[in-house]
Structure formats: C-alpha cells, structure tokens
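Step one of this worksheet: look at the structure below.
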Amino acid sequence: MFKSQLSQFFSPAPTFSEADVPAQDGKVFIVTGGSSGIGLELCKTLYQKNGQTKESRLHVLWNNAGVSQPPAGSLSKQGIELQLATNCLGPLLFTQFLLPLLKSTAAVATKDASSSVRVIWTSSQMVELPAPQGGIVMFELRTPPVNVTRNYVNSKTGNLLLATETPMTKYLAWPLLHSARLAALTELNGCYVVPWGRIAGSSGDSSTGGDLRKDLVGATKLVEDGGTGHAAEFWGWCVEMTRESQ
Ligand SMILES: NC(=O)c1ccc[n+]([C@@H]2O[C@H](COP(=O)([O-])OP(=O)(O)OC[C@H]3O[C@@H](n4cnc5c(N)ncnc54)[C@H](OP(=O)(O)O)[C@@H]3O)[C@@H](O)[C@H]2O)c1
C-alpha cells in the first residue's frame, strides 16, 4: 500500500485545530450538507469565527453534501444513479449558479490569501484505493454497475476531476471515516488536503507519502499536456447531463 494511504488511515495527531482558524469577520460561506456530520462541525467552527451567511457576497462554497452507498438501484428524480446525481451533478449545477456571485466577490476581494474566494470539493480516500486506472470509466456513467461501492468511488473520483476543472481556485478535501470534527478540520485547510488538514502534493509520486496517485494526476491533465483528458471529458458529461436545468 502507498505510504500516502497508510498515512491517511493512521493519520498523525492534528497540528491544525479550530484554534488555528483565524477570525472570519465579513466572510460569507455556503456549506452544503451543513445539517449533520462533517458539514455541521464545519458550520459550528465558522460561526464561532464570525462567518456569516446572509450577504450579497460569497467567499467560500463548500460542496460537502453527499450520499454514500444507498440501496442498490437508487435513482434521482431524473433517473440518474443517486450517488452520481447527488455528489457530482447537483453540486456542479449549484456551483454554476453561484459562479457569478463568486466571481463578483473575487473581483473586489483583495489579493491576500485571507480574502480569497474558493470552491471546495469533498472527495474521499476511497478514490485512491479502488478507483480504476485513469479514474473514471466513462461507460460506467452511462450504464452504472449494480455495485453501490463502485458507484460511490466513481462519484468521489468525479469530485476530484470536477475540482480540477472548476473555474475558481481549486480546493479538494479528503475526510476519512473518523470523527466529523476532525474531518471538518481537513475541509478547512489548504489546497489538496488529506486528514487532518494536511496539504498533500500532486506530483503523482505516491511513494513520498502524501501525493495523489499518478494516473489520477494524469486524468486531471489534457492530452496535449501529457494527460488523458478524463477530467475534461467528465466535466463535459456532467454539463450535458444538467443542461436542461441550466
Ligand atoms: N464521513 C466520512 O468518513 C467521509 C469520508 C470520505 C468522504 N466523505 C464525504 O464528506 C461529505 C460529508 O460526509 P458526512 O459523513 O458528513 O455525511 P453525512 O453525515 O451523511 O451528511 C451528509 C449531508 O449531506 C446532505 N445531503 C445528502 N443528500 C443531499 C441532497 N440531495 N441535497 C442536499 N443535501 C443533501 C445531508 O442532508 P440531509 O440529512 O438533510 O439529507 C447531510 O447534511 C460527503 O460528501 C462524503 O462523501 C465523508
């Protein structure tokens, strides 16, 4: 097993805690799935740091809401496999609706990191372990397998690919099956983030203990840049699937 995976299963004690989150006065956040689990812990921390939710600006959109392994065959109202619909298509549509607000907020935000505007996608370590080489098999999107775990992995790999395609600052978090409070810390920090709030690399060298799997890095790049173009292909599929709602 890769060092990076071991390090996520047996994460070191967090060196980043709620106390390290600076004051968030004047910042506006949306956390999807904020009613329970990791999202609820995240909201608690943000409220304690004076974040707001009633504003005409938006600094951070956390695409955190998600479903994991519902009964086999579960579909959305539109007839799409439920995990792909909830974890990828809904958040993509929501993000697109909010992009004008994020962009207008970014236009007036100052350049320092404390006022940056971000979209955060919540993926899973599940992606790095069982995902097929190259990330997503496009055929499985059109004809989802009966295996609900495989569909969850596809949806969370989809989150990774959407993060690399989203036209705002790209942030990706990987909470794990530990306490929601600790997982919320992972969503609160950095760029490509693994438990607990550690910033990992994306060079594709997993042997160093932290980096994303090499073939998944390749999936995030276009063919002309030496990758497979899977992220762009997945983005295109999601846009097509949500076209009627745009
Ligand atoms: N917990 C982990 O160990 C772990 C590991 C890896 C990745 N993740 C990811 O982290 C995120 C949060 O996980 P969690 O463990 O905190 O989950 P959770 O406790 O099950 O909470 C999920 C949240 O998503 C909301 N939600 C589900 N379907 C929705 C929909 N169609 N529309 C709007 N909201 C919806 C739920 O709201 P309702 O209750 O109102 O439906 C709930 O607030 C998910 O994306 C998950 O895949 C979690």
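Only the coordinates and a few stated rules stand behind these numbers; no lab work does. Predicted, not measured: the structure shown is a model, and the values here were computed from it. Glycine gets a Cβ as well: all are built from the backbone with ideal geometry, and neighbour counts include every protein chain shown.
Determine, for LYS103, LYS156, the number of other Cβ atoms within 10 Å of each Cβ, and report the residues in order from fewest to most.
Numbers: LYS103 13, LYS156 24.
Neighbour counts put them in this order, fewest first: LYS103, LYS156.
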Aspartates and glutamates with Cα under 20 Å of LYS221, excluding same-chain neighbours fewer than 8 positions away: GLU128, GLU165, ASP205, ASP211, GLU233
Listed residue pairs exceeding 21 Å between alpha carbons, taken from LYS27/LYS103; LYS27/LYS156; LYS27/LYS49: LYS27/LYS156
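Hey, with R₀ at 45 Å, roughly what FRET efficiency would THR149 and ALA107 work out to, going by the Cβ-Cβ distance, to 0.05? Display every interim value, and only then the final one.
Working: r = 42 Å, r/R0 = 0.94.
Approximately 0.60, to the nearest 0.05.
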Sequence of ASP215, ASP20, ASP25 once ranked by neighbouring C-beta atoms within 10 Å, starting from the fewest: ASP25, ASP20, ASP215
Fewest-first sequence of THR164, THR157, THR45, THR149 by Cβ atoms within 10 Å of each Cβ: THR149, THR45, THR164, THR157
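Just order 120-130, 34-44 by mean Cβ neighbour count inside 10 Å, highest at the front, would you? Don't skip to the answer; put the middle values down first.
Values: 120-130: 21.5, 34-44: 18.8.
Packing proxy ranking, top to bottom: 120-130, 34-44.
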³J(HN,Hα), Karplus 6.51/-1.76/1.60, whole Hz, each residue of region 216-233, x for Gly, Pro: 6, 4, x, 5, 7, 9, 6, 4, 5, 9, x, x, 9, x, 5, 5, 5, 5
